[in-house]
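Read the figures in this text as sums done on the coordinates, not as results from a lab. None of these values were measured; they are calculated from a predicted model. Every residue, glycine as well, gets a Cβ built from its backbone with ideal geometry; the counts of neighbours run over all protein chains shown.
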Amino acid sequence: MTDRLLEVRNLKKYFPVRSGVLQRISGYVKAVDGVSFSVRKGETLGLVGESGCGKSTTGRAILRLIPATAGEVLFEGRDLLALHGEPLRTARRSFQMVFQDPFASLDPRMTVSQIVGEPLSAHGMTVSERERNDRVAVMLEEVGLDLSCLHRYAFEFSGGQRQRIGIARALILNPSLVVADEPVSALDVSIQAQVINLLADLRERLSLTYLFVAHDLSVVKHISDRVAVMYLGKIVEIASKNDLFSDPLHPYTQALLSAAPVPIPGAKKQRTILRGDVPSPLNPPSGCNFHPRCPRAMPQCAERVPEPRERRAGHTVACHLYD
C-alpha cells in the first residue's frame, strides 16, 4: 500500500523496575509489547482498550516523546526512531499531539497568543511577531475561538475552550499526522460532542490524519474509519469500524463491546462477563495475554502467543480460535 502515512512495526516500550539499596533493575513493565499497525493518509485510526493497556504510551513512543525500547516507526517512509538532532527536529513539524488534560497541558503563565504561537517560534517558521500573531489569529478562528482570546491566560477559559487552544497549538505547524490522546475524556459530556465534531471537521478542511486514542467506544465509533483494539500491551484486533462493531472476532473485543451502554431505554443485550482482573504488565501471562480471563480459552492459549491473521479483507485478529 503506497498510501500509508504511518507504519508501526513491532514497537516495544519497557519501563525498568528498580529495587534494593543499589536500585538495580529487577524487572520490566512491558507497557507496549510488539505493536504493529499502519495509518493511511487522511484516515482516522481509533486505538481503544482498558485503562493501563498501553494506548497512550504507544502514541507517545511514536512521536518520540518517550524513547522506544525496540521497533520501527515509519513516517512517510523514514524511521523516526533512527532520527536524531536536526533531522528529527525538522520531522517533528509534520506530526503533533493533542494531550488528554487541557488543564495540565497549557502553561498558566503564558497568554493564548504565546501558547499557540510557541511552535512557530521554536521551529523558526515566522520572521516577525506580526506574522506570528496573524497566523495565530487564523488558527484560533479555525478552532472556533475569537480574537478577544489572544491576550488572555489559559486559566481564564473553560475545559472545552482550553482543549480548543491545545488543538490550535497542535495544528499551527500544518502537520500531516495528529495523535489525539483521549482529547475529550477530561471534558464535560455536553462539551465532548463539540470537540469531536471540531476534530472531524478539521480533518476534512486541513487534510489531516489522526491516531485517535480513547476508551469511549461511542466516541471512537463516531470519528474513526478503522479501529485497533489493545489489551495488555498488544493489539488483538484491527478492522474497519463497521466490521468491528457489527461482527467482532476476538473474545476481548466481544466483551468490550458488550459492556458498552445501550442507547435505547429498556433495551437489553447479551453481556460477556470476564473473570478476574487485568494481569500486571510487570509479569504478563504466558502465551496469549488474555487467556486467564477468556471464556473460550484453550490449552494452546497458555502455551503460544497467537499471530495476527487476516480473517477477511482488512480484518485482522490475533487469536488461536482462528488458527
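How much length is gained on full extension from Ala104 to Asn242, taking 0.36 nm per residue of separation minus their Cα-Cα distance?
Gain in length upon complete extension: 46.2 nm.
Top mean-square fluctuation among Leu208, Leu83, Leu63, Gaussian network model of the chain, C-alpha springs under 10 Å?
With Cα springs under 10 Å in the chain, the top fluctuation among Leu208, Leu83, Leu63 is at Leu83.
Can you compute the radius of gyration and Dmax for segment 144-254, using only the Cα atoms, both in Å?
Computed over the Cα atoms of segment 144-254, radius of gyration and Dmax are 15.9, 52 Å.
Please build a GNM for the chain, connecting alpha carbons under 10 Å apart, and tell me which residue among Ala239, Ala297, Ala180 fluctuates the most.
Highest fluctuation of the listed residues: Ala297.
Between Leu282 and Ala200, what length in nm is gained on full extension when 0.36 nm per residue of separation is reduced by their alpha carbon distance?
25.8 nm
Enumerate the calculated ³J(HN,Hα) couplings along segment 181-198 in order (Karplus 6.51 cos²θ - 1.76 cosθ + 1.60, θ = phi - 60°), each rounded to whole Hz, writing x wherever the residue is Gly or Pro.
8, 6, x, 10, 5, 8, 9, 4, 4, 5, 9, 4, 4, 4, 5, 4, 5, 4
May I ask you to sort Arg271, Arg89, Arg9 by Cβ crowding, counting other Cβ atoms within 10 Å and putting the fewest first?
Placing the least packed residue first, the sequence is Arg271, Arg89, Arg9.
How big is the gap, in Å, between the Cα center of segment 24-59 and the Cα center of segment 219-236?
10 Å
Counting only Cα atoms, I'd like the Rg/Rh figure for the chain, Kirkwood definition for Rh.
Answer for the chain: 0.99.
Using amide H atoms built 1.01 Å from N in the peptide plane, name the residues 5+ places from Val32, or on other chains, whose amide H lies under 5 Å from its own.
Lys13
Sequence-distant or interchain residues sharing an amide H contact under 5 Å with Arg309, placed H: which?
Under 5 Å from the amide H of Arg309 lie the amide H atoms of Val317, Ala318, Cys319, each far enough along the sequence or on another chain.
Mind checking the angle between helix 159-171 and the chain's longest principal axis? C-alpha axes, 0 to 90 degrees, to the nearest 10.
Approximately 80 degrees, to the nearest ten.
For segment 306-314, take each phi angle, set θ = phi - 60°, evaluate the Karplus expression 6.51 cos²θ - 1.76 cosθ + 1.60, and give the result in whole Hz per residue in order, putting x for glycine and proline.
x, 8, x, 10, 8, 7, 8, 3, x
Can you compute the label reach from Asp3? Point 7 Å from Cα along the Cβ direction, backbone N cut-off under 19 Å, restricted to segment 71-91.
Within reach of a label on Asp3: 75-77.
State, to one decimal in nm, how far the label point of Ala260 lies from the label point of Arg89, with both points 7 Å from Cα in the Cβ direction.
So the label points at Ala260 and Arg89 sit 4.4 nm apart.
Assign unit charges at the C-beta atoms only (+1 for Lys and Arg, -1 for Asp and Glu), then state the dipole size of the chain relative to its Cα centre in Debye, rounded to the nearest 20. Can you show the working numbers first?
On the way: 40 positive and 34 negative charges, 157 e Å.
So the magnitude is around 760 debye.
Consider all pairwise Cα distances in segment 201-260 and report the whole-number % of them above 18 Å.
Here the tail beyond 18 Å accounts for 34 percent of pairs.
Among Leu177, Leu257, Leu88, which one moves the most in a GNM of the chain with springs linking Cα atoms closer than 10 Å?
Leu88
Among the trypsin sites (Lys or Arg not before Pro) in segment 179-268, which ones are in a DSSP loop with at most 11 other Cβ atoms within 10 Å of the Cβ? Mind listing them?
When the trypsin sites (Lys or Arg not before Pro) of segment 179-268 are filtered for loop state and at most 11 Cβ neighbours within 10 Å, Lys268 remain.
Determine the shape class of segment 31-123: with a ≥ b ≥ c the square roots of the Cα gyration tensor eigenvalues, call it rounded for a/c under 1.5, and otherwise prolate if a/b is greater than b/c, oblate otherwise. Please list the in-between numbers first.
On the way: a/c = 1.89, a/b = 1.29, b/c = 1.46.
Oblate, because a/c is 1.5 or more while a/b does not exceed b/c.
Positive end of the charge dipole of segment 1-143 (Lys, Arg +1 and Asp, Glu -1 on Cβ, about the Cα centre): tell me which of Thr57, Gly27, Ser105 has its Cα farthest that way.
Gly27
Roughly what % antiparallel, to the nearest 5, for the DSSP beta bridges in segment 126-269?
55 percent
Of Pro183, Ser158, Pro284, whose Cα points farthest to the positive end of the dipole of the chain (charges on the beta-carbon: +1 Lys, Arg; -1 Asp, Glu; origin at the Cα centre)?
Pro284
Please give, to one decimal in nm, the separation of the simple spin-label points placed at His151 and Ala122, each 7 Å out from Cα toward the Cβ.
Distance between label points: 2.6 nm.
To the nearest 20 Debye, how big is the dipole of segment 175-282 about its Cα centre, given +1 on the beta carbon of each Lys and Arg and -1 on that of each Asp and Glu? Could the numbers behind the result be given before it?
Working: 10 positive and 11 negative charges, 68 e Å.
With only Lys, Arg, Asp and Glu charged at Cβ, the dipole is about 320 debye.
Say R0 is 25 Å: what FRET efficiency, to the nearest 0.05, do Ala302 and Thr272 get from their beta-carbon distance?
The calculated FRET efficiency here is 0.80.
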